[in-house]
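The values are calculated or read from the model by the stated rules, or taken from the named source; none is laboratory data. Being a predicted model, the structure only gives us computed values, none of them experimental. A quick note on method: Cβ atoms are made from the backbone with ideal geometry, for glycine too, and the neighbour counts reach across all protein chains shown.
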């Protein structure tokens, strides 16, 4: 559980991907209650205002809904904003090569082959090499400037690599043309699942037909599957027929959907209120900020 100071001796707690429990077990409801009680205790010990929970669902039309109902039955409330992407796709990596690529859109398969013909080479960094991280951060900064989103610092990527390296969880795929990195993809693994955290590429006219992003995806999935990773969470994908989808997500979602996978809708972020007075003050402030920002 992560703890963030909120001032005046108070704090906000966050359990990313939690709580985790055997949801189909006969005693699932009792176990969930014990987990929530433990979170209450942890929050009280650090002056917690709220514990934010972000449980993950698995494929299945009603899976996320069942989790949401279980949390609401325990008195939790939906957060004003989701902290993680509420919808994604899970890709079965199969063999990581030809068998997997047969599940991709035809255009994606063709563009991987085109990248090779154009002379694009790929590499997958497993140790968090500073040169590879620096190259990827430059690509990420270029992409962020183009798409107008905030980019994490190079130091934050280095810290992430340092945390993941001991368990073999760091996977950074880079696609290069004539020795120059043109696209990259960060897909760290935890257990037998990997996550598409960041993708970046250059959009210079002379690179139009190099298709570096497709080459990087092919390299990443092949390396992950070779190491026994079973699934890749594309980490934020909206579906074309989803009326709740943010239109700004359509661009990168269209790219990700080319690689198949099963759509998943998570229950969203829930608030376990541990200090009703302070929570009410904070909630009012957040809602006022939202209104003034419009």
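Here are some notes:
- Selection from region 129-158 of residues that are more than 21 Å from residue 249 (Cβ to Cβ), within 18 Å of the chain's Cα centre (by Cα) and either modelled with pLDDT under 95 or exposed (fewer than 13 other Cβ atoms within 10 Å of the Cβ) (or both): 153, 156
- Filter result for residue 129 (outside the structural domain of residue 157 (by TED's automatic domain parsing) and either at positive phi or without any contact (Cβ under 8 Å) to a residue 24 or more places away in the chain (or both)): no
- Residue that is surrounded by the fewest Cβ atoms within 10 Å (Cβ to Cβ), among those in region 30-48 that are farther than 14 Å from residue 73 by Cα and touching a residue at least 24 places away in the same chain (Cβ under 8 Å): 44
- From 115, 108, residue being in a helix (DSSP H, G or I), in contact with a strand residue (DSSP E or B) (Cβ under 8 Å, 6 or more places away or on another chain) and under 23 Å from residue 89 (Cβ atoms): 115
- Conditions (1) part of a helix (DSSP H, G or I); (2) modelled with pLDDT of 95 or more; (3) surrounded by fewer than 17 Cβ atoms within 10 Å (Cβ to Cβ); number of the one not met by residue 121: (1)
- Scanning region 84-99 turns up at least one residue that is touching a helix residue (DSSP H, G or I) at 6+ places or on another chain (Cβ under 8 Å), at positive phi and in the same structural domain as residue 259 (by TED's automatic domain parsing).
- Region 179-202 - residue that is touching a residue at least 60 places away in the same chain (Cβ under 8 Å) and not in a strand (DSSP E or B) and, of those, farthest from residue 135 (Cα to Cα): 196
- Residue among 228, 191, 212 that alone is in the same structural domain as residue 132 (by TED's automatic domain parsing) and under 22 Å from residue 116 (Cα atoms): 212
- Pairs, first in the same structural domain as residue 57 (by TED's automatic domain parsing) in region 10-29, second assigned to a helix (DSSP H, G or I), C-beta under 6 Å, six or more apart: 10/278; 13/43; 19/35; 21/31; 21/32
- Residue within region 52-65 that is assigned to a helix (DSSP H, G or I), under 25 Å from residue 197 (Cβ atoms) and not assigned by TED's automatic domain parsing to the domain that holds residue 231 present: yes
- Test: residue in region 162-178 that is more than 30 Å from residue 53 (Cβ to Cβ), surrounded by fewer than 20 Cβ atoms within 10 Å (Cβ to Cβ) and without any contact (Cβ under 8 Å) to a residue 24 or more places away in the chain: no
Let's see how each residue does on (1) in a helix (DSSP H, G or I); (2) surrounded by fewer than 21 Cβ atoms within 10 Å (Cβ to Cβ); (3) under 25 Å from the mean Cα position of the chain (by Cα):
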| residue | (1), (2), (3) |
| --- | --- |
| 216 | yes, no, yes |
| 220 | yes, no, yes |
| 239 | no, yes, yes |
| 248 | yes, yes, yes |
| 254 | yes, yes, yes |
| 272 | no, no, yes |
| 279 | yes, yes, no |
| 282 | yes, yes, no |
